[in-house]
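Here is the structure we will look at.
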Amino acid sequence: MAASSSLISTHFHSFSPLSRSPNRKFLPFPLSKPFSRQKPAASASPILSLLPHKTQKRSLIPQQRAFCPPCLHKLLLATRNPFSSVVESLLIVCASAVLSLSLFIADVDPASAFVVTPPKKLQSDELATVQLFQENTPSVVYITNLAARQDAFTLDVFEVPQGSGSGFVWDTDGHIVTNYHVIRGASDLRVTLADQSTYDAKVVGFDQDKDVAVLRVDAPKEKLRPIPIGQSADLLVGQKVFAIGNPFGLDHTLTTGVISGLRREISSAATGRPIQDVIQTDAAINPGNSGGPLLDSTGRLIGINTAIYSPSGASSGVGFSIPVDTVSGIVDQLVKFGKVTRPILGIKFAPDQSVEQLGVSGVLVLDAPANGPAGKAGLLPTKRDTYGRLILGDIITSVNGKKVSNGSDLYRILDQCKVGDKVIVEVLRGDHKEKIPVLLEPKADET
């Protein structure tokens, strides 16, 4: 009732033609001049013509006297027609009653009935972020990893989701790029596009060492919007980045941050092989973001979100993305050949901790199969003699003049080589060093 009475009083004030509303405009009368009832002369004022007086000589308003709006308001009230005042009062009462009844019927909050929400105004950087998200969201997809399970009682085989992740459209031919660990162990894969249409996906190829996989879906080309490809060679620490993905199964989430580090190194989740030149970012990356794109401020792809450093499993502000320059070469090989041809030495080496305990620096060869590149070149593996004593094999100390201190150094050097290259491997054999030429070959399962 208090709110209703306040509204009634408000509308009494607003409906009254003589109310002192700040928005009400007074008639542009020349208040500095007198008025008379008769035909006004050049210096007469029309307001005094409304006032009862007998002669022109006895003017109620002295000459050259100005009236302020409150005084004029009181003067007009004193000269109003009583009949018009009664009619006006009745109209005001009726309008107030109708307004109060409408509020009770419509059940509208009186305090917010006349509140006008001002239009939202965004800053230029906010508008740029909104536009980036809207333009690149159609390129990001949701990937569901399905695994076959057999019911223990009915022995029926059915598929259940065992994981999910993100990916992005690479081209209009239906190729989808994601992380290998997103699709690992899947019996079937499903890709959901931005318009919520779902398609069965086939694996084109994958690279376990770099944690990259390529899928393909038979979707109409008009539904496929390839993501713009950038470059990662000229990135700088501190520049703004954006991560789009589906964390925890949520649909298309955007997180922002900066590049907090470059040339980091992480290990592949599948093989443990190091991945070099990884981008470190503080943009929030959570489970489900894996395989999603990392974009620069122009909306171009600069990396694939692949891992986080977190004891709890959630984002702690340290995320890692595989640089796009590495991804582009891998994807091109997977699309053309369905595999990545990467050179190997064909050896198995001991853990770095074991070599450190021996007091030497390098890679200890544990096994060098005779049909592999190292075995053909004559590298010696670790073995035992007839008495069971351990005889250490060759310890690789450098390749092509580049020092090798551990397994990561060896992988890093081999990543810069190609299949068919001949490298000079320097080894420590016993108490002397030897240089052995080795012809690099691809993996046995890739031939």
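Just a few scattered comments:
- Members of K376/K403; K339/K422; K210/K376; K339/K443; K422/K443 lying beyond 19 Å, as alpha-carbon distances in this model show: K376/K403; K339/K422; K210/K376
- If the chain linking R300 and A233 were pulled fully straight, counting 0.36 nm for each residue of separation and taking away their Cα-Cα distance, it would gain 22.8 nm.
- Ordering D171, D125 from the fewest to the most neighbouring beta carbons within 10 Å gives D125, D171.
- Cβ-Cβ distance of K348 and H432, R₀ of 22 Å, FRET efficiency by 1/(1 + (r/R0)^6): the value works out to about 0.40.
- Normalised convex hull volume, the range 299-447, alpha-carbon set, Å³ per residue: 177
- Fewest-first sequence of L215, L439 by Cβ atoms within 10 Å of each Cβ: L439, L215
- 11 Å cut-off, amide nitrogen to a point 7 angstrom out along K403 Cα→Cβ, residues in the range 343-378: 361-362
- Rg/Rh for the range 240-327, where both radii come from Cα atoms and Rh is the Kirkwood radius: 0.93
- Under-5 Å amide H pairs with D394, H placed in peptide plane, nonlocal only: V365, L380
- Spacing of the two label points (7 Å from each Cα toward its C-beta) at D421 and S316, in nm: 3.6
- Farthest toward the positive end of the dipole of the range 204-326, out of V212, N246, S316, is the Cα of N246, where the dipole comes from beta carbon charges about the Cα centre.
Values quoted throughout were computed directly from the atomic coordinates according to the rules given, and no laboratory measurement underlies them. If you're wondering where the values come from, they're calculated on a predicted model, not measured in any experiment. All Cβ positions, even for glycine, are placed from backbone atoms using ideal geometry, and neighbour counts span all protein chains on display.
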